[in-house]
């Protein structure tokens, strides 16, 4: 029996370079980095980050949901047609998947009211771009890292 993943349940995602993560130092051995990547992927798959956190630290959390197939295909069509560039694709996907952000450490969180983009109404309701822009230059790295997880969840959700 095929058990479809829940499109309702939100999953927690944490940026791989969040300072609250107990990641290996720059220049760590390849074996150490490979083990770290495995542990982080497992934490992302299960939503249990305890084993990858620094004691007493709180990361910024992003609440994501799977993108419904019809809007995911619409996004792919817009990318293929050139209406949305391949460079912008990760940002559009991240906006479509993002539902909540917690513990930003910023004095004021961006407005996360999901709305339909006037240029691409077929993509449905999504978070405004300001949700990412509030993080300044690191936003691009956050979005690209998040996009890898979104692609994995859209193509073959983890059984965990």
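Can you give me the number of residues within the stretch 123-138 that are surrounded by fewer than 16 Cβ atoms within 10 Å (Cβ to Cβ) and touching a strand residue (DSSP E or B) at 6+ places or on another chain (Cβ under 9 Å)?
The qualifying residues number 2.
Mind counting the residues in the stretch 26-48 that are assigned to a loop (DSSP other than H, G, I, E, B) and either at pLDDT 95 or above or more than 17 Å from residue 10 (Cα to Cα) (or both)?
Of all residues in the stretch 26-48, those assigned to a loop (DSSP other than H, G, I, E, B) come to 26-29, 47-48.
Then keep just the ones that are either at pLDDT 95 or above or more than 17 Å from residue 10 (Cα to Cα) (or both); that gives 26-29.
Summing the residues that are assigned to a loop (DSSP other than H, G, I, E, B) and either at pLDDT 95 or above or more than 17 Å from residue 10 (Cα to Cα) (or both) in the stretch 26-48 gives 4.
State which residue is nearest to residue 20 (Cα to Cα) when the search covers only the stretch 62-89 and only residues that are in contact (Cβ under 8 Å) with a residue 60 or more places away in the chain and touching a helix residue (DSSP H, G or I) at 6+ places or on another chain (Cβ under 6 Å).
The extreme case among them is 64.
Test residue 9 against the stated conditions and say whether it is within 16 Å of residue 154 (Cβ to Cβ) and exposed (fewer than 13 other Cβ atoms within 10 Å of the Cβ). First the steps, then the outcome.
Values: within 16 Å of residue 154 (Cβ to Cβ): yes; exposed (fewer than 13 other Cβ atoms within 10 Å of the Cβ): yes.
Yes, satisfied.
Go through 36, 15 for me and flag whichever is touching a strand residue (DSSP E or B) at 6+ places or on another chain (Cβ under 8 Å) and at negative phi. It would help to see each step written out before you state the result.
Numbers: 36 fails: touching a strand residue (DSSP E or B) at 6+ places or on another chain (Cβ under 8 Å).
When all the criteria are applied, what remains is 15.
Sort out which residues of the stretch 79-106 are at positive phi and over 16 Å from the mean Cα position of the chain (by Cα), and write them in order of number. Break it down into steps so the answer makes sense when it comes.
The first filter runs over the stretch 79-106 and keeps only residues at positive phi, leaving 82, 103, 105.
Once the filter is applied, which keeps residues that are at positive phi and over 16 Å from the mean Cα position of the chain (by Cα), the stretch 79-106 yields 82, 105.
The values are calculated or read from the model by the stated rules, or taken from the named source; none is laboratory data. These numbers come from a predicted model, not from an experiment. FYI the Cβ positions are ideal-geometry reconstructions off the backbone, even for glycines, and counts take in every protein chain you see.
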